[in-house]
Each structure stands twice: as C-alpha cells, then as structure tokens.
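Comments concern the structure below.
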Amino acid sequence: MAAIFPLLQVPSSVSTRFSPPKFPGKRVQVTNPSSSSAIHYGKTEGKSKFDTVALASSNGREPEPVESKSVEKLLDEKQNAELSTRITSGEFTVQRSGLLSLLKNGLSKVGIPDDVLEFLFKWLDSGKDYSKIPEAKGAISAIRNEAFFIPLYELYLTYGGIFRLTFGPKSFLIVSDPSIAKRILKDNSKAYSKGILAEILDFVMGKGLIPADVEVWRVRRRAIVPALHQKYVEAMISLFGQATERLCNKLDVAASDGEDVEMESLFSHLTLDIIGKAVFNYEFDSLSNDTGIVEAVYTVLREAEDRSVAPFPIWEIPIWKDISPRQKKVTAALKLINDKLDELIAICKRMVDEEELQFHEEYVNEQDPSILHFLLASGDDVSSKQLRDDLMTMLIAGHETSAAVLTWTFYLLSKEPHVLSKLQEEVDCIIGDRLPTTEDLKKLKYTTRVINESLRLYPQPPVLIRRSLENDMLGKYPIRRGEDIFISVWNLHRSPRLWDDADKFNPERWPLDGPNPNETNQNFCYLPFGGGPRKCVGDMFATFETVVAVAMLVRRFNFQIAIGAPPVRMTTGATIHTTEGLTMTVTRRIKPPIIPTLEKPVLRADTPEGEPQLGQKGLVGDSTPRVWTSTRSSPRVMTLLSTVVRTHHG
Ligand code: HEM
C-alpha cells in the first residue's frame, strides 16, 4: 500500500477546476464527469438545492483564452479530464459480489475451513436485502499531482454521498452526504471513535481532547469547555489585537523596504504566539525567536506530519528511538516542551495558591487569563499527564487551523479585489485606527462573512476521521463495526448539489442580517468546526481571532501575490497548506480620511439570534506593541489523513 503515499504527499495546484478563480473575472469551471449539463437541486438559505446550476460554466463567463493559460494549468486540466474519463468509464468500480466470492474462493484455496468462511461471510450475506455501498477500487495511486481530497471529490461526483474506496485489503468509507455526516457526528456519535487519528497522535497528544476515547473525553470536555467562557474570549480579543499589531509592525518594515513577505509562515508565528498565551500564558514570541522552545514545537509538528506519510512506522521499533538522530531530536524536543509545561504549570499553581479570587463560572485572572489558569483554579490535578496532554492538544489544534484560515483568506482576497475593498470599507468605518474591541466584533459583519466563506472553500481540516465502534446504518446502507470513515468536509463545502457557484469565493452568499452560519443552521452542509459532541471547543475563539487579524491587517495594507512568486499550490495535511508558501507584496494603504461616524456603521450591526454573543466588559493585558524582526521558514504540517492510510498499510 506504499503506492498510495505518493498520492497523499504530492502537492496539488490550486488552479484545478475545483478551485476558486485564479484571476478575478476568469472562468470557474465545475465539471461533473457524468454530466456537463444543468442539474436541479433544492434551495435553502445561503445555498441552493433546486436552482439550476450550469456545471460547465457556472458563472456564465466565457472560457479563458487558451493562449493565456500556463503550461502547468493546461497539464492540470488535461490530467483532470483524464481522471474524469477514467472514473466514468467504470475503471474504479468494483463488482462487490464478484469480489466477495473471489475472496471466499481464495481463502478456501489456502485452506481456511468452510465453516469458518461461512461464519465470516454470514454478516455480509445477510446484507443481501440491503443496498450495497457503491465501491471504487484503489488504482487511485495512479492519480498523481493531487492532494488526496481532490480525487475524492471527483469520485464523489460519480459515486455519490457515500462510497467505499478500496486499496488492496483495506477499505475506507468516504462520506460527503450531509445527513450521513450528521448521523456519524451527532445523532449516533457514540457509535464512532477517532480511530487511526488517535493512534498516530498518541506520541504528542496522548489522551488529549481531540484523540481521546469516549470515557476520557467525557470527563475532560466537561473540564475544558467552561474554561473558554465568554469573559475569557473577551479577554482574548485584546491579545489578538496586540499580537496582530506586532505583525503589522513587521509588515510595515517590509513595505518600507519594498520586500515581499511569505505570509503563511508569518501567520503560523502569529497564531503560535496567540495560542501560547491563551492556553498557558507563555510568550513564544516566535517571530523574533528561532530557537529553543519554538523550534521544539515545530520539530514535534513536523514529526507528526512525517510519521503520517512514512511508508513504514520505523519509530515503533523499540531501539530506533535510541539510535536515530532524528528520533533523538524528537525525544529531546518533547522533553523540552514537557519541561516547559511543567515549569508553567508550577508558576501558575503558585499564582492560583496566592490569589484571593474566588473560583466561579466566569472566572478569569486578569494577569493570566489562560486556560491553564482556569483549569488549575477549578481544581485540576497539576501532576497529571492528562493536563499536559490537553494543553498540548489545544496548542496544536488552535495553532495550525487558525494559521491556515488566515493564509487561505489572504489568498482568496488577493483574487477578489472587490471583496478586499468592501472589507476595508467596513473595517475603516467600524474600528478606524484603534484595536478592535468586543463591541466592534459584533459589528464586523462582512469581515466575519469573509472568514465564514474562506472556511467553506478551505475547511481546516478538509476531512474528519472516524471509526465505527458498532454496526450501524448510514443512509440506506448497513456498515460494520471497525469501518474507517473519512467525512469529506471539502466535498460537502464544494458540492454543486448543495451550493450555487460552489467554487466561487462569495462572502455575499451569507446574508449580513442572517445568523452566523454553522452546522446546525446549514443542516450539516457546512461544517467549519465539525458538529455534534466533538465539535471544536475553540470555534468562537478562532472566529474572533481571525476576524481581528484580518480586520487589522487589511486596514493598514493592501496585499497582492508577489510578481514571480511560486504558484500557490495545496498540500495535504491536517490542515490545507501551501507547498511553497504564500509570497505577497504588501503595500501601505492610503486611506480616505476617517469620518467620525462610528456610531452609524454603513453595514447592519445588530446581532441576530444564533450569533456569538459577547458582553460589554473591558479588556485586559498590555497593549504596548513590539516589533518583530526576523522570519522563519514555513513550518510543515501534520498530514493526518495520510496518517490513516499509513497506519493501515505501513
Ligand atoms: C479556525 C480555527 C479552528 C478550526 C477551523 C477548528 C476546527 C475544528 C474541527 C473541525 C474540529 C472537530 C474535529 C473532529 O470532529 O474530528 C475541532 C475540534 C477541536 N478543536 Fe478546533 N478548530 C479551530 C481552532 C481551535 C482552537 C483555537 C482551539 C483551542 C483553543 C481548538 C480546540 C479544539 C479541540 C480541543 C477540539 C476537540 C474537541 C472534542 O473532541 O471534544 N480549535 N476543531
């Protein structure tokens, strides 16, 4: 099965036909391999189901002239056309009953007794009356030059909302149907675990909240969720502002010097600095600090990524970690981080012991509003490995995701200057030149819609992973215990069956006076933060963090892809990353004078039902901006989906 790893590792050009237009005004082509004609779907708010969607040319614009296309783009298109043809020709389709009897005969020939085989195949035979899940087989390794979720999208258009993807002895269920996703994530969530995800993340997250099994998860979720209460998030808003201000100062220097900047790594540093402070009150100061703990964090992150794509789990050989220089480095990095965590826990514990504050529901220590402080004040066990696992989990969960959202938001904005202008208009009007406040966040409606839409087009992560713990029915199909399942959020978010102009970056699809879109009000067609009991605990945190960052950056600068920058391509990871960074030219904005009418924003500012609500309380923390002076190379990411495949085939 090593053959599929190249598929999972090879980068994908963003300029595939499933991507937003590379240049404003150019054609968005969404081709259904089985049909290029119009289809009809039903309509719901923010999306369309019964509208006519012309799949071949969804925005009605003329195709881009051939001579202006790059060779690379033409090759991409040729490859995608070939893939579509192969899928429609049935090349990937498996005749399930044939396969079963072949398997049964094969096993019989190698001497497995008939009564054992009868027992083994009984369950499958008993499914005769049920529909069989459509099945695609794994010559998929032949499909190169794609991030894994791109071929899954092609297969979804052919096989529908649930299909089985078989690689040799192993198969995965690929789910792209909102009602099936809802059953797995919410309605019958107790029947599903995190499966392989938990196995691969064990070395870094242990039994932290993301991979935790249901027993541990229940206890820890109850402890952690209260820490992210409303007053905590309010306190974080000033932290977001201060950290972004430091990034702005750095960009200011680049703008003066006329130097292009690699935004993906800057966003990674920004969100690492924020999450370090937010989770355990630690200043990574990663934009100006390349060594020690920052490097250790990136070493561990890179290891998680590399393990997930390795053809053989060499680190599981007991002696290997003692002789491999690389593994020794990972062990040392983990030790450094754990020692630092112990130190931070000890400092925090002393603060908690000394303080006179009474613990209550919305407890916040203003000098240290971190999640760690809340947990210790609430009585969490300082010496427990569980506490460290949870802190580490939140550090990783809240870092990569937010950085990826910012990266792709700026990529999208660079392609749609009119969206950027509209955004700047709102930001100028609402925050002017100050740090955003809690009240401003309620009013930054269009900015929030830009983030909502960016998360639709680039969901982080693009795929959610589960394993069935018992037999279940998914739609009309029975499934067995032990199935590995990928819920493709990418497919859901880009489905032409669920969205008008699915590939178009169109923040206007979310009405400003409507509720903040989430999985519930979008019937599981939109899952930016997952859904059900394992939904992200940091959704409000992350939304405000990215809104503050985007607002503060666009009010000071204009951003364009730098001339001569490497093409922006996607690579597979826990989150979607670029292969060679997002190199941009940043120029200072010459703003129109700010008219002092802040009480009367041009866009509606009232908070409708369902919107995250924040109180009126003031801000905490130091607002002195610091200048960050050096850059680091772009960190790599964990590749969790490929992890899944590795674990099963390594
Ligand atoms: C834009 C940024 C973020 C995105 C897109 C995001 C997305 C998600 C998604 C989709 C899940 C569900 C995973 C699954 O069902 O398998 C999740 C879970 C989780 N996220 Fe986030 N997240 C973000 C930021 C954060 C932040 C800032 C934190 C911490 C402060 C955080 C902590 C967690 C935790 C602890 C879980 C596991 C929850 C559980 O299993 O009970 N996330 N996140």
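With a cap of 12 neighbouring Cβ atoms within 10 Å, and only residues DSSP puts in a loop, list the chymotrypsin sites (Phe, Trp or Tyr not before Pro) found in region 234-325.
Qualifying residues, ordered by number: none.
Once the Cβ-Cβ distance between Glu199 and Asp257 is put in as r, and R0 is 45 Å, what FRET efficiency do you end up with, to the nearest 0.05?
0.45
Using Cα centres only, tell me the gap between region 174-217 and region 472-512 in whole Å.
Here the two parts' Cα centres lie 17 Å apart.
Once the dipole of region 281-392 is set up with Lys and Arg at +1 and Asp and Glu at -1 on Cβ about the Cα centre, which of Pro325, Leu391, Gly292 lies farthest towards its positive end?
Farthest towards the positive end: Pro325.
Give me the percent of accessible area attributable to carbon and sulfur for region 190-249, probe 1.4 angstrom.
Percent of accessible area from carbon and sulfur atoms in region 190-249: 56.
GluC sites (Glu not before Pro) within region 353-419: which are DSSP loop residues with at most 14 other Cβ atoms inside 10 Å?
Here the GluC sites (Glu not before Pro) that fit, given the DSSP loop and packing criteria, are Glu355, Glu356, Glu361, Glu362, Glu366.
Tell me which residues come under 5 Å, amide H to amide H, from Val175 once H is placed; ignore anything under 5 positions away on its chain.
HN-HN under 5 Å from Val175: Phe486, Ile487, Ser488.
Would you grab the residues whose amide H sits under 5 Å from the one on Leu469? Only those 5+ places off in sequence or on another chain, please, with H modelled 1.01 Å from N.
Tyr192, Ser193, Gly482
Quick one: what are the phi-derived ³J(HN,Hα) couplings along region 383-389, Karplus 6.51/-1.76/1.60 with θ = phi - 60°, whole Hz, x for glycine and proline?
Per residue, the Karplus-derived 3J(HN,Hα) values read 8, 7, 5, 4, 4, 5, 4 Hz.
Report the extension gain between Arg589 and Glu470 in nm, rounded to one decimal, defined as 0.36 nm multiplied by the number of residues separating them, less their alpha carbon distance.
Gain in length upon complete extension: 37.1 nm.
Quick one: which of Lys335/Lys535; Lys207/Lys335; Lys190/Lys535; Lys207/Lys385; Lys182/Lys442 span more than 19 angstrom between C-alpha atoms?
Listed pairs above 19 Å: Lys335/Lys535; Lys182/Lys442.
Output ³J(HN,Hα) for region 432-446: one whole-Hz value per residue in order, computed from phi by the Karplus curve 6.51 cos²θ - 1.76 cosθ + 1.60 with θ = phi - 60°, and x for Gly and Pro.
x, 9, 9, 6, x, 10, 4, 4, 4, 4, 5, 8, 7, 5, 5
Enumerate by residue number the trypsin sites (Lys or Arg not before Pro) in region 397-496 meeting two conditions: DSSP loop (anything except H, G, I, E, B), and at most 14 other Cβ atoms within 10 Å of the site's Cβ.
Arg434, Lys476, Arg480, Arg481
Starting from the Cα of Glu295, move 7 Å in the Cα-to-Cβ direction to define the label point; list residues of region 321-335 whose amide nitrogen is under 20 Å from there.
324-335
The values are calculated or read from the model by the stated rules, or taken from the named source; none is laboratory data. Model, not experiment: these values are computed from the prediction. Note that we place each Cβ from the backbone using ideal geometry, even for glycine, and neighbour counts take in every protein chain shown. Accessible surface is based on the protein model in full, side chains and every heavy atom, while ligands, DNA and RNA are left aside. Shrake-Rupley method; radii C 1.70, N 1.55, O 1.52, S 1.80 Å.
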